[in-house]
Every structure is written in structure tokens, then in C-alpha cells.
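Student: Sharing a structure, written as C-alpha cells. Questions coming.
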Amino acid sequence: MHRLPAHILRDLFCKGEISAEQIAETTLKRIQAHDHQIGAFLNLLSERTRHQALKLDEKRKKGGRLGKLAGVPIAIKDNMHIEGEITTCASKFLENYRAPYSATVTQLLEEEDALLIGKTNLDEFAMGSSTENSAYHKTKNPWDLSCTPGGSSGGSAAAVAARFCPLALGSDTGGSIRQPAAFCGIVGYKPTYGRVSRYGLVAFASSLDQIGPFSNYVADTALVMEVIGRHCKNDSTSLNIPQEPYSKNLSHSLEGALIGVPWRFLEELPEKSKQNFADSMETFKRLGATIIDIDLDILKYSVQIYYVLATAEASTNLARFDGIRYGKRSSRATTLDEVYDFSRQEGFGPEVKKRILLGTYVLSSGYKDAYYQKAQKVRTLMIKKFQEAFQQCQMIAIPTSPISTFPIGSIQDPLQMYLQDIFTIGANIAGLPAISIPSGFIEDKRPFGLQLIAPQLHDTKIFQFAHAFEMKTKYNQAIPPSFDDEVHS
Amino acid sequence: MTDTPYRDWEPVIGLEIHVQLNTKSKLFSAAPNRFGDEPNTNISIVCTGQPGSLPVLNKEAVRKAIQLGCAVQAEIPLFSKFDRKSYFYPDSPRNFQITQFDQPIIVGGSVPVEIDGHIKYFQLHHAHLEDDAGMLKHFSSFAGVDYNRAGLPLIEIVSEPCIHSPKEASAYAMAIKAIMQYLDASDCNMEEGSLRFDCNVSVRKKTEKGLRPKVEIKNLNSFYNMEIAIENEIRRQIRAYESHPNEHPKNVVKSGTFRFDPDRKENILMRQKEEADDYRYFPEPDLPPIVLTTSEIEEIRASLPELPFERLTRYRTQYQLPDNTAQLLVDDKRLADYFEEASSVYSQPKTIANWITVEFAGRFKESGKSLLDSGILAFHIGKLVELIETGKITGKIAKSVADDMVAHPGKDPEHIIKENPDYQPIDDTSSIEPLVDQVLAANPQSIADYKEGKKRAFDFLVGQVMKLCKGKASPAIVNELLNKKLQ
């Protein structure tokens, strides 16, 4: 069952060939048997899942309308709310925070009868590229347990790669869905900014954050996007456009398609990464596409402007965590200032503190012009450069990450960690849809990812290109050997 | 202004007025906009700063802001935006306020106010939308926060430093209050906090062009107290400069914030500000900018109700009310509406205005209540005047009737008269005629004077008849009889 795509699983359930209860039990058993090796989950919602499964089986018996994701187990990154369940954001600060409402995306998934099986691990408050910054535990890469699954949505990526569930949700601010997808050899998608509601997603950087799905099949990604890609009246940045039938238009010939590659920007890539990427471009040529050279040198400023803009927004988004209304309030505090100081001192991890300090600094009087304003101007330039590039091509292709996964603890220098996002940040800065799809392995057990970026609202096109690549290469069908077994009840 | 009491010093005052808009819900969430409910009952995930919550702009608030912009002839930019203003305090649910820093919805504008017989146009710098903070309440061993007020829509109206006396300050503030009331954009209730003022006060020599250091005064809960607080500060600064004539102004008057103590009627220093607070403003990424069209704005402009200054002009020219009376009525929309309702019963505006602003107001002065909240119907005041003007009762009796109306609010003056025989005019000619004869017999000189054309003699005779019958005779009948008998 674990090898089945979500859309097939759903069909089997609807036809009555498998019950929701069976799906739930098999899923929960697999996780209980294997997750201690990986640590994908922070909180397994066993009771809720079993309860929803029972209700779903009832509904099917009575002939009720079955949703697009009926019976499909989905894992949710633990920075999105499910009403009544704890949302920790992998932080000590929110250790006991019970969500008073559900995020729009989790509501939409449950309306389509998905089974929300658990909350997955992440870098604390989504700040990181390896899930090593979680305040609870580190998640391992199912392909190589000594390595990271990437971050910040490492738990969700690992869960899907290990086939604990066919789908998971993550959030992507500078690459936090795409990079873990690449590291774990799965499909990770960041939609056009505003396509998916951020209501109920604990904000990191408001103008960059987007929620998106992980899967093993582009078709499944398209299916989930049909469900969560809606206008939301509770999110003012949500696009007021109708939902699109992404999964209906997947098959499309790439004959004559123009794919732009910023070759000059890729010159510094390690040899193996370069080779893998070049092979992927050959695949597109065989599919009928033409590869052209484009100029995206401006991406070299990605990391700098990201760490100014994202941290500035984050410093204010995280100001609400003050120990006054909810979350951790330090027991040592005796004055108001101490409530603020000690609660935040004890509740936040070092990376979070670092970014709040940085964000506060770049907005402060005397520095704002040099840092925040300047970065905003470069942001505008980056948006323009992408627009210029898209006048010459329909799709941009670059590697998702310069390297494949790395051993846990091997990157200590924060700047070196930040550079992991050099290829992914651009799509967040410009609000563009972007996908990472498996493009093989560059070392024995280390998956590598290919990234496709399209103009805003060209989400359908990305699915078409990605689907074609997937059909041709079948890299997505590789399963980490240690997790490719059935659990017999 | 002629001889000012400040010698060769000129006070320079700017007002920042915060007005709570009376929208149904808060500025960025659907939580109800209501005063006086139990703490933390009118809240939502947005106004308690829950993680994952997002602001959604209240369109009604934008509309009211545009109405204000039109009412003060301001520029209403087609593009304005929100900014985050960061500071930590328990009454702030997100530890940043959403406000408009450099591209507000209203720019400039002017407010005409009548002062000492001429019109002064007070200039606005701008007005912007922002959300209100919660309220801290201090108990014996802890403090509590009530977030009912957090997130309420405020419009902050910032004047240019074009106010030059405490009297001008309160006149300007009253004009703003009146405009907001007339637009039905706010309850403007100072006791409930839907109207709050902060003043910035500095002084300079009349010949100076630049501005000297200013001081902020907060916690002003009435126009009267505002005038006292400003006057205190003007005097303090003048004294300071005069006792340190050779020092640089910024070393004499230091920037700071004062709080007005309404019991001691003193300004108390809250904090000295050595440097400006750094709020780290940046554009609010969760809200798109406000983009308006000219036709939207013009539609709102075309649907503006009559504004206070327009009404003032109308009362002067159309009703010929004296200046003070007109201003008094106009300043409070409810009172002006009350007056118009009374006038619709009987059209004698000057008299009605006098009954409202002098006679009845005087009767409530001691109790501190207002005619508007007394339960006396405007309709009844109109009736009272009608009864006087049509000669059914005398002016003297009318005053007693008014006393009764105050004692029994809501009672119809016609019923009051019916129930009290003393008020009923004697209107049968046969009982009055002997009295007229009596007076004529006793005053031959007056008859002679009248025959010579002295009108006053007639009024004297009328008065004498009234005296005899204790004011109860129908004036119409007395007049008629006297006229007849004097032919």
C-alpha cells in the first residue's frame, strides 16, 4: 500500500477495495514501526485519524459524497494549525499551544476527506535548512540516516520519502519545501505567492511564505493543489481567482517548449551536481524542448537580500511570542520586562534569536536605508530580471540545491548553511511558482533535485513540464530500501 | 487676536486627535466594536495576536475615512498603505501596531472655525487609519489586560502647528468632534474614550519663524481640561525661557510627555524623551495597499450629509439665530437635530433656540444633566412655543409650565396646562371685561397718552390688567378688549 500514489489509493477506497480503517491502521503501524529511525513526526494524531477513518467508512457505506482526497493519509508540518491539536513550530515556546482554530489548508483537506495523521518536525519556526534547529529532535534522511532530510520542512519530506504517507504539507519561505524534496528524492512544490492561503500558518516572513505539498508523483501534487489552491477571505494576500483543475491538464507535449537556463550562474557548481543537471537538460531535449541561455546573475544577491527581508519580517512576526497571552511564560520572571526577556530567552532556540536580532537591526533607525530599503530595491530588480527572462522562455530550470544532502552536524558555519538556499530563494522573492522533482542520484544514496520555475500563475505549466520529466525518467519511483516493506498486521 | 496675554511670546500648538470609528466590527477582524462589555468578550484570534492569524481590512472604516477627507477638503491619494509600528507592551497583542506611516489615506485638509467673530481655517497635516490597543487594568497584586478595545478602528487626525491659544485648541477640537458626529463616523464620547486628544505645545517669540522644542500632553478628557493644561504649559515654558534668557532653547525646555491630572489640574511629567523612539516602521506585508478610484471618492463626496459649518451658516442666514446660539446648537449634532425637530412643530426658530439653549439649559445646569438626555421631547418644546405665540398662555405661565416639564419629563405641555387651573388662561371675555374697565378707570393719564400716539401706554395698560388677574388672562382677549374700549 505504501507504494501507491494518493490518487490511486483514493480510488481504491472509493471503490470499496480498501477501507479507511485499514488505511489508517496500516499507516499508523508503519509509522510506529519505523519512525523511531527517522523522527519525521513530532505528534502522531492516532486517535483523530482512527476517528476520522471510522466516520469516512460510515459515509461511504451511506453513499455520501466522497472528497477528492478521501482516505488519503496526509502529514502536516507542525507550523500549521489543526483546531484542538498542539502546534509547536518545533519550539519550546509553543510546547503546549493548542490551536483555537484550523488553518484554511487543513480545513480544506478535511473537507475533502483526507486523514490528517500527524504533525511533522521542522527547523524551529521554519528557520533553517536541515531540520537540525528543531527544539525537540533531529530528523534523519530516509536515504541515508546519517544525513539531514533538508529543511525547514524536513519532517514532512522524510515522511513522504519513507512512504509513511503519500502526501504531506510543508511551507516554503526561501526553499523550505523544495530543498528537502530534493534531499529526499521526492516532489516538492511551492505555488505562486497568494495561490494558497496562509491563514493558520504560523508566519515566518509574510511576503515570502507559501504552503505547498510533498508527494512522490506530480499527479498527486496537482490533486492536492486543486484542493488547497483557493481564494481565502481570511488572508488578504490570497489571490481572488477561481480554483484551477490542475490534475486534468497534466499530459502536454513539450515539443517546441523553451526552457531557460542561467548557465553562467551555474559555473561554480560541484562537478557531480553539474553533470546531473546537464543530464536533466538532455532529457528535456529528448522530450522536444529547446534549452536556451538566460541571464539570472542577479541571483547571486539572493542570500543577502533574503536574510535582510525575511529576518526583518520575522522579527515582527515573532514579536507576539512574549509570554503574556499564550505559550511559554518564564517562571523566573517577576517584572514585566522579565516576562518578555526570560520567556523569549528560554523559549527560543539560538537560530531564531539570531534572526530576530538581525531583523531588528536591519530595520532600526540609521540602518534601515542601508539594509532594508536597499534589499527591497534589489528585490524589485530581481522581479524584473525574472520577467525579462520569461520573455525568452516559458520555464526556467536550475538545480534545487548546489549539493545533495550532507551529514547531520557537518555544517556549523551559518553562512555556509544559508548558501544552501541560493537557487531557491529567487522564486520566493519574486512570488513565482517553483517545483523540485527527483533527478536521480549523484552519490550512492544521495538524491538530487531539479527545479523548474515558471511565471506567476503558470502553475499548470509547471505540472505539465514536471509530469513529462517524471514519466520519462521515473526517478520518483525509487524508494529508500530500508523503508520499502509492508508491515503485516 | 488683539492684545494677547503672552506679551511678545506666541504659543504654537498642534493637536493629535484619535477618533474611534463606529463601525460594526474592528479594523482588521470581525470581532464586534462595542463599548462596556465584559473584558475579553469582543475578541478574535486577530486581536489577541494568535499565531497564524492575519488582518483583513474593514471596508466601512475606509469609507468613513474618505468621508472625513471629503468633509475637510483634503487630498485623498488613490494609493495609500499600512505599516507596522513595533513596540512591546502588554496592551499590544502583536507587539506591533498596524498604522499608516508615510502614505496615509488623507493628506492636508482644512477645518473652518468661527472664533471671536471671524473665521479661521485650521490646517490638517494628515489623517490616517490605525488600530487601537487593549486596556491595562491594575489590581492589587497583578495587572490584567482587556483586549476588547484592541483592534478597534482609529482615525488619527494630525493638525499643523497652526493653533495659537488654548481657546483656539478647544474650538478646533470641537469642530473636529462635530464633523465626525455629523458624518456619523464616531460616537465622539470622551468619557468612553472614543475621542482622545494629545497636544504638542511650544512657544516662541512672535518674530521667530522656526519652532522651539515642544512638549506633549496626554490624558485630556474634556475640552475645558485641555485648555487648562495647555495654558499651564504655555506659562511654564515662558517662565523657563524668561529665567534663562541666554541659554539655547533645547536646554531650557526639554522634550517630554506630560499627563494632565484632572483633580489637581496640573501637568505631571511622565517621561523625558532624550531621543525619539525607534518604531522600525516598514510596510505591512499582510495587507495590500488601499487603491481607490476617483469615481469611488466622488460618490462618497456627493453623499456627504450637511456639515457643521454649513449648518452654522444656514442657522445664521436662514433662521437669523444670533452667533453664539447658532454655534452652541451646531457644536452638538444631537442638539441641533433636537432644535430642528422642535422647529418643525412651530416655526419660530429664535424663540425655540432660546428656550433650548437658555431656559431649559438653565433649568438643568445644577443637576448637570443635559436636556437631550432628560426625556423631554423636542416636539413638546415646539408645542410650548406654539402655545405662547398663539396667545394661549402668557410668557410667565410658560415658565412655570417649563418647570413642570422638567419635573415630569415626557409630559405634554397641553396636558400640564389642562391639569392645572392656575395655568389655564381666563379666556371668557365676560370675566376679563370688568378688569379692563377697572384698569381704564384707574389710569386716565395712560389713556390720554395712548390717544396722543404713545404706544407704550397701551402695553402699560395690558400689564396692569395682567397684574390684576395674576397673568392668567388670555393676552389675545385683553388686547382685543382694550383696543375696543380705547376707540
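Student: Can you pull out every residue in the stretch B:96-117 that is farther than 17 Å from residue B:61 by Cα and in contact with a helix residue (DSSP H, G or I) (Cβ under 8 Å, 6 or more places away or on another chain)?
Tutor: B:96, B:109, B:111, B:112, B:113, B:114, B:115, B:117
Student: I'd like the full set of residues that are of a type outside the set (S, T, N, Q) and either in a helix (DSSP H, G or I) or in contact with a strand residue (DSSP E or B) (Cβ under 7 Å, 6 or more places away or on another chain) (or both), limited to the stretch A:270-283.
Tutor: Of everything in the stretch A:270-283, those that are of a type outside the set (S, T, N, Q) and either in a helix (DSSP H, G or I) or in contact with a strand residue (DSSP E or B) (Cβ under 7 Å, 6 or more places away or on another chain) (or both) turn out to be A:271, A:272, A:274, A:277, A:278, A:279, A:281, A:282.
Student: Could I ask something else about it? Tell me which residues, restricted to the stretch B:325-382, are in contact with a Leu (Cβ under 8 Å, 6 or more places away or on another chain), surrounded by fewer than 18 Cβ atoms within 10 Å (Cβ to Cβ) and within 21 Å of residue B:309 (Cα to Cα).
Tutor: Passing the criteria: B:334, B:350.
Student: Let me ask something else about it. Consider residue B:66 carefully, then state whether it is in a helix (DSSP H, G or I), of a type in the set (Val, Ile, Thr) and either crowded, with 22+ Cβ neighbours inside 10 Å or touching a residue at least 12 places away in the same chain (Cβ under 8 Å) (or both).
Tutor: yes
Student: Got a sec? Which of A:266, A:208, A:239, A:258 is within 30 Å of residue A:312 (Cα to Cα), touching a strand residue (DSSP E or B) at 6+ places or on another chain (Cβ under 9 Å) and either polar (S, T, N, Q) or surrounded by fewer than 21 Cβ atoms within 10 Å (Cβ to Cβ) (or both)?
Tutor: A:266
Student: When only residues in the stretch A:98-127 that are touching a His at 6+ places or on another chain (Cβ under 9 Å) and either hydrophobic (A, V, I, L, M, F, W, C) or within 14 Å of chain B (Cβ to nearest Cβ) (or both) count, which is nearest to residue A:67 (Cα to Cα)?
Tutor: In this case the residue turns out to be A:106.
Student: Can you tell me which residue within the stretch A:226-252, out of those that are over 25 Å from residue B:29 (Cα atoms) and in contact with a Leu (Cβ under 8 Å, 6 or more places away or on another chain), is modelled with the highest pLDDT?
Tutor: Ranking the candidates gives A:227 first.
Student: Right, here's the next one. Please specify each residue of the stretch A:214-239 satisfying the condition of being more than 8 Å from every other protein chain (Cβ to nearest Cβ) and in a loop (DSSP other than H, G, I, E, B).
Tutor: Listed by number, the residues that qualify are A:216, A:217, A:229, A:230, A:231, A:232, A:238, A:239.
Student: So which residues in the stretch B:82-109 are charged (D, E, K, R) and within 28 Å of residue B:145 (Cβ to Cβ), if there are any at all?
Tutor: Those that are charged (D, E, K, R) and within 28 Å of residue B:145 (Cβ to Cβ): B:83, B:84, B:85, B:91, B:94.
Student: Need at least 3 residues that are crowded, with 21+ Cβ neighbours inside 10 Å and at the interface with another protein chain (Cβ under 10 Å from one of its Cβ atoms) per element, so show me which helices (runs of 4 or more DSSP H) inside the stretch A:286-370 make the cut, counting only ones lying wholly within it.
Tutor: Passing ranges, in order: A:302-317, A:350-363.
Student: Got at least one residue in the stretch A:203-213 being within 14 Å of chain B (Cβ to nearest Cβ) and on the phi > 0 side of the Ramachandran plot?
Tutor: no
Student: In the stretch B:179-201, what residues are modelled with pLDDT under 95 and among the small types (Gly, Ala, Ser)?
Tutor: If the condition is that a residue be modelled with pLDDT under 95 and among the small types (Gly, Ala, Ser), then B:193, B:194 are the ones that fit.
Student: Okay, next question. Does any residue in the stretch A:153-181 that is acidic (Asp, Glu) come within less than 7 Å, Cβ to Cβ, of a residue that is part of a strand (DSSP E or B) six or more places away or on a different chain, and which pairs are these?
Tutor: Listed pairs, sorted by first residue: A:172/A:190; A:172/A:210; A:172/A:212.
Student: So which residues in the stretch B:113-132 are surrounded by fewer than 17 Cβ atoms within 10 Å (Cβ to Cβ) and either within 14 Å of another protein chain (Cβ to nearest Cβ) or modelled with pLDDT under 95 (or both), if there are any at all?
Tutor: B:115, B:116, B:117, B:118, B:119
Student: Please pick out the residue among B:374, B:370 that is within 27 Å of residue B:322 (Cβ to Cβ), at pLDDT below 85 and in contact with a helix residue (DSSP H, G or I) (Cβ under 8 Å, 6 or more places away or on another chain).
Tutor: Result of the check over B:374, B:370: B:370.
Student: Mind counting the residues in the stretch A:107-146 that are assigned to a loop (DSSP other than H, G, I, E, B), surrounded by fewer than 24 Cβ atoms within 10 Å (Cβ to Cβ), touching a Lys or Arg at 6+ places or on another chain (Cβ under 8 Å) and of a type in the set (A, V, I, L, M, F, W, C)?
Tutor: The number of residues fulfilling the criteria is 1.
Student: Which residues, taken from the stretch B:133-151, are touching a Lys or Arg at 6+ places or on another chain (Cβ under 6 Å), surrounded by fewer than 20 Cβ atoms within 10 Å (Cβ to Cβ) and either free of Cβ contacts under 8 Å to residues at least 60 places away in the same chain or assigned to a loop (DSSP other than H, G, I, E, B) (or both)?
Tutor: The answer is B:135, and nothing else.
Student: Quick one: which residue in B:110, B:25, B:44 is surrounded by fewer than 23 Cβ atoms within 10 Å (Cβ to Cβ), among the hydroxyl-bearing types (Ser, Thr, Tyr) and within 13 Å of chain A (Cβ to nearest Cβ)?
Tutor: Only one candidate qualifies: B:44.
Student: Okay, next question. Out of the stretch B:80-107, which residues are farther than 27 Å from residue B:35 by Cβ, more than 14 Å from every other protein chain (Cβ to nearest Cβ) and surrounded by 19 or more Cβ atoms within 10 Å (Cβ to Cβ)?
Tutor: If the condition is that a residue be farther than 27 Å from residue B:35 by Cβ, more than 14 Å from every other protein chain (Cβ to nearest Cβ) and surrounded by 19 or more Cβ atoms within 10 Å (Cβ to Cβ), then B:80 is the only one that fits.
Student: Does the stretch A:437-444 contain any residue that is on the phi > 0 side of the Ramachandran plot and surrounded by fewer than 24 Cβ atoms within 10 Å (Cβ to Cβ)?
Tutor: So far as the stretch A:437-444 goes, yes, one or more of its residues are on the phi > 0 side of the Ramachandran plot and surrounded by fewer than 24 Cβ atoms within 10 Å (Cβ to Cβ).
Student: From B:77, B:55, grab the single residue that is surrounded by fewer than 23 Cβ atoms within 10 Å (Cβ to Cβ) and within 11 Å of chain A (Cβ to nearest Cβ).
Tutor: Step by step, each of B:77, B:55 is checked, and only B:55 is surrounded by fewer than 23 Cβ atoms within 10 Å (Cβ to Cβ) and within 11 Å of chain A (Cβ to nearest Cβ).
Student: If I go through the stretch B:438-483 residue by residue, how many of them are among the charged types (D, E, K, R) and within 26 Å of residue B:423 (Cα to Cα)?
Tutor: 5
Student: Among the listed residues A:376, A:394, which satisfies the condition of being surrounded by 13 or more Cβ atoms within 10 Å (Cβ to Cβ), at pLDDT 95 or above and either within 13 Å of chain B (Cβ to nearest Cβ) or farther than 30 Å from residue A:263 by Cβ (or both)?
Tutor: Among A:376, A:394, only A:376 is surrounded by 13 or more Cβ atoms within 10 Å (Cβ to Cβ), at pLDDT 95 or above and either within 13 Å of chain B (Cβ to nearest Cβ) or farther than 30 Å from residue A:263 by Cβ (or both).
Student: Condition check: within 30 Å of residue A:87 (Cα to Cα), among the charged types (D, E, K, R) and away from chain A (no Cβ under 14 Å). Does residue B:10 satisfy that?
Tutor: So residue B:10 fails the test.
Student: Within the stretch A:1-46, how many residues turn out to be part of a loop (DSSP other than H, G, I, E, B) and of a type in the set (Gly, Ala, Ser)?
Tutor: Residues that pass the stated criteria total 4.
The values are calculated or read from the model by the stated rules, or taken from the named source; none is laboratory data. Here the structure is a predicted model, which is why all the values come from computation and not from measurement. Note that each Cβ is placed from the backbone with ideal geometry, even for glycine, and that neighbours are counted across all protein chains shown.
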